[in-house]
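Undergrad: Please find one structure pasted underneath; my questions will follow.
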Amino acid sequence: MVTYYIQIKVKEVVIMFSKVDNIDLKILSILKSNGKTPHQDIAEFLNFSRPAINKRVSKLEEGKVIEGYEAIIDYSKIGLPLDSYVLVNVCTLDFNKTIENILKLKEKGIYIESVCRITGDKGIFLRVHTSSTEKFKDFHDSILKIKGVVDTNTMLVIQEEKNEFKDNYI
């Protein structure tokens, strides 16, 4: 049963990617670097008409290749300068409940940007922004109280560089 489901999902992914050509990848590259790029600018850069680019972008949106557009936030400029990744070692049979409980940790000065279930001996990976080391300590103390959490391993981000998405990656 599980194998059958995975095979279906793999076929969906293959079908989805077979509909994306090199022009679509170039469009994705441009939009990834600046989601507000006007379609007219993309059309001029790629030597296409604006309606052709509109149609391609709409197709990418409808096919969920483009899931949405978002602002890139500099968390330090809104009072959350401490950026960290946290590996959470869990012992649970209900990962969804543990993740739900982690996301319930809402307190001023603490923002959990993402929670990922991962392979390996830890189980959960977090990206957390806090206003101070004191707030991070509060977060750490709170997470250790969640049922199933055994311990954590924290890594502070001291520098981050983004890698540009290029159409030649695929």
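The values are calculated or read from the model by the stated rules, or taken from the named source; none is laboratory data. Worth saying up front: this structure is predicted, and the values here are computed from it rather than measured. Cβ placement follows ideal geometry from the backbone for every residue including glycine, while neighbour counts extend to all protein chains displayed. Note: areas computed on protein heavy atoms with side chains; ligands, DNA, RNA excluded. Shrake-Rupley method; radii C 1.70, N 1.55, O 1.52, S 1.80 Å.
Undergrad: Counting only residues that are of a type in the set (G, A, S) and over 30 Å from K26 (Cβ atoms), which one in the stretch 65-82 is most open to solvent (accessible area, probe 1.4 Å)? Before you say what the answer is, go through the steps one by one.
TA: Of the residues in the stretch 65-82, the ones of a type in the set (G, A, S) are 68, 71, 76, 79.
Then drop every residue that is not over 30 Å from K26 (Cβ atoms), which leaves 76, 79.
On the way: S76: 63, G79: 40 Å².
Going through the qualifying residues, I end up with S76.
Undergrad: Ok, one more. When residues of the stretch 31-47 are filtered for being within 15 Å of G68 (Cα to Cα) and open to solvent by less than 30 Å² (accessible area, probe 1.4 Å), how many remain?
TA: Of all residues in the stretch 31-47, those within 15 Å of G68 (Cα to Cα) come to 31-37.
Of the ones still in play, those that are also open to solvent by less than 30 Å² (accessible area, probe 1.4 Å) are 31, 37.
The qualifying residues number 2.
Undergrad: While we're on this one: Quick one: in the stretch 115-146, of everything that is open to solvent by 70 Å² or more (accessible area, probe 1.4 Å) and among the hydroxyl-bearing types (S, T, Y), which residue is farthest from Y75 (Cα to Cα)?
TA: Restricting to residues being open to solvent by 70 Å² or more (accessible area, probe 1.4 Å) and among the hydroxyl-bearing types (S, T, Y), the top hit is T119.
Undergrad: Go through (1) over 19 Å from the mean Cα position of the chain (by Cα); (2) surrounded by fewer than 16 Cβ atoms within 10 Å (Cβ to Cβ) one by one and return the number of the condition E161 breaks.
TA: Here E161 clears every test but (1).
Undergrad: May I ask you to list pairs of residues, at least six apart or on different chains, whose Cβ atoms are under 8 Å apart, with the first in the stretch 26-37 being free of Cβ contacts under 8 Å to residues at least 12 places away in the same chain and the second being surrounded by 15 or more Cβ atoms within 10 Å (Cβ to Cβ)?
TA: T37/I30; T37/L31
Undergrad: Another one. Could you run through the stretch 83-99 and say how many residues are touching a strand residue (DSSP E or B) at 6+ places or on another chain (Cβ under 9 Å), free of Cβ contacts under 8 Å to residues at least 40 places away in the same chain and open to solvent by 70 Å² or more (accessible area, probe 1.4 Å)? Steps first, please.
TA: Quick first cut of the stretch 83-99, residues touching a strand residue (DSSP E or B) at 6+ places or on another chain (Cβ under 9 Å) only: 83-92, 95-96, 98-99.
Add one more test, that the residue is free of Cβ contacts under 8 Å to residues at least 40 places away in the same chain, and what stays is 95-96, 99.
Then drop every residue that is not open to solvent by 70 Å² or more (accessible area, probe 1.4 Å), which leaves 96.
Matching residues across the stretch 83-99 total 1.
Undergrad: Would you say I112 is modelled with pLDDT of 95 or more, crowded, with 16+ Cβ neighbours inside 10 Å, over 21 Å from the mean Cα position of the chain (by Cα) and not hydroxyl-bearing (S, T, Y)? First the steps, then the outcome.
TA: Working: modelled with pLDDT of 95 or more: yes; crowded, with 16+ Cβ neighbours inside 10 Å: yes; over 21 Å from the mean Cα position of the chain (by Cα): no; not hydroxyl-bearing (S, T, Y): yes.
Taking the combined requirement at face value, the residue does not satisfy it.
Undergrad: Here's another thing I want to ask about it. How many of the residues making up the stretch 51-89 are under 21 Å from C116 (Cβ atoms), charged (D, E, K, R) and at pLDDT 95 or above?
TA: 1
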